[in-house]
Amino acid sequence: MNWRRAAWASLAAAPVVTLLAWGMTRDPNEIHSPLPGREAPAFALRVFAPGEPPLARTVGDTLTLGRMRGKIVVLNFWASWCLECRVEHRDLSTVARQMTDKPVQFIGVLYNDVASAGLDWIQGMSGQAYPGVLDPGARTAIDYGLYGVPETFVIDGKGRVAYKHTGAIPAELLTLKIDSLLAAGSAASAPTGPVVP
Amino acid sequence: MTSRVLGVVLGAAVLALVPTPRLTAQGANLPPVIQPRNAADSLLESRTTELARELRCPVCQGLSIQDSPSELSQQMRALVKEQIVSGKSDEDVLAYFVSKYGEWILLAPKARGFNLVAYLLPPLLLVAGAVGVWMLVKSWTRQPQVVSASSGAEAPPED
């Protein structure tokens, strides 16, 4: 009968079914970032929220990645309208306070939001340990391939993107990433090269 | 009388010195200084639109940054325009966004490697479907002959 025909039909359908099955294993909302392992895009962002001592920065100062060479930089993109940002905020401040004696710089980048809303939000969340900066036109966000908030980038002492996290980052994971970079000597052994604005 | 003639001559001389707008061949009355700038603006807009149509909006579902009203798309579109103004080629602009977001940012993936599946599979399936339909139709049109032949064989002989 048609065993032969059925075999041919199955053979023809197999690649299509395999392709569809493979597609089902992938999350279409997750965008693979090409940045980890590459040099982090430079930025120069103005402080609007000072943070708390000893991590405080003066409002109006400009923070540049080039001047942080040798430090591990945690760049967290957030917004006052972002619900998930509330989940991670306390964890970020806690880890930042725990790392004050280490070469680690935390920066909160306000994404598509206004400074007054950001300040109100920080006050409502009982403060923020590290400084907050503005990103006019979302230029830095686009430079980092951002597609939503919150997103967190961990940059090593040599200025390379070591890790990117999409969504609220748990304190344990962030601590693990920073500690592993510190243990690998990323921050300590990094050359303190020329300051790039 | 002489003064009137003199006045007319002077008036004509003044009128001759006043620059008058020229009509172009199309009948348009366009100042020569503004015309090239408008042309450049329209070229810039057209290039921006073309490139923005090729780039995916990161916060939408299947929309280009040209079609999306989202704030991020508008900011990306402004960046496209800025890069064109700074002298970057279309390839440079697309390469910038690919370097930030990966090839995902391109609405039409590049026809190479695994991406070829997206280009080759639809026509292959179309051809396979057409062959299948042709074979099916062929078998349908063949069946009545077999039936008539067998019915003819079973039919009693005519006397």
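Points worth noting:
- By the rule of a C-alpha distance below 25 Å, with chain neighbours fewer than 8 residues away ignored, the lysines paired with residue B:100 are A:71, A:158, A:164, A:177, B:81, B:88, B:110.
- Selection from A:19, A:162, A:118 lying farthest towards where the dipole of chain A points positive, charges on Cβ: A:19
- Cα gyration tensor, the stretch A:48-126 - rounded (a/c under 1.5), prolate or oblate: prolate
- Loop-resident trypsin sites (Lys or Arg not before Pro) (DSSP state other than H, G, I, E or B) in the stretch A:11-61 with no more than 15 further Cβ atoms inside 10 Å of their Cβ: A:26, A:38.
- Packing here is the average count of other Cβ atoms within 10 Å per residue, and on that basis the peptides B:59-71, A:92-104, highest first, run A:92-104, B:59-71.
- Cα centroid separation, the stretch B:90-142 to the stretch A:7-40: 14 Å.
- For the stretch A:145-188 and the stretch B:42-63, distance of Cα centres in Å: 32 Å
- For the set A:16, A:114, solvent exposure ranked by accessible area (probe 1.4 Å, protein chains only) runs largest to smallest as A:114, A:16.
- Kirkwood radius for chain A, taken over all pairs of different Cα atoms as the inverse mean of 1/r, rounds to 18.4 Å.
- Average projection area in nm² (convex hull over Cα atoms of the stretch B:34-118, one quarter of hull surface): 6.3 nm²
The values are calculated or read from the model by the stated rules, or taken from the named source; none is laboratory data. Note that the structure is predicted; figures quoted are calculated from it, not measured. FYI the Cβ positions are ideal-geometry reconstructions off the backbone, even for glycines, and counts take in every protein chain you see. Note: accessible area is taken over every heavy atom of the protein model, side chains too, but ligands, DNA and RNA are not part of it. Shrake-Rupley method; radii C 1.70, N 1.55, O 1.52, S 1.80 Å.
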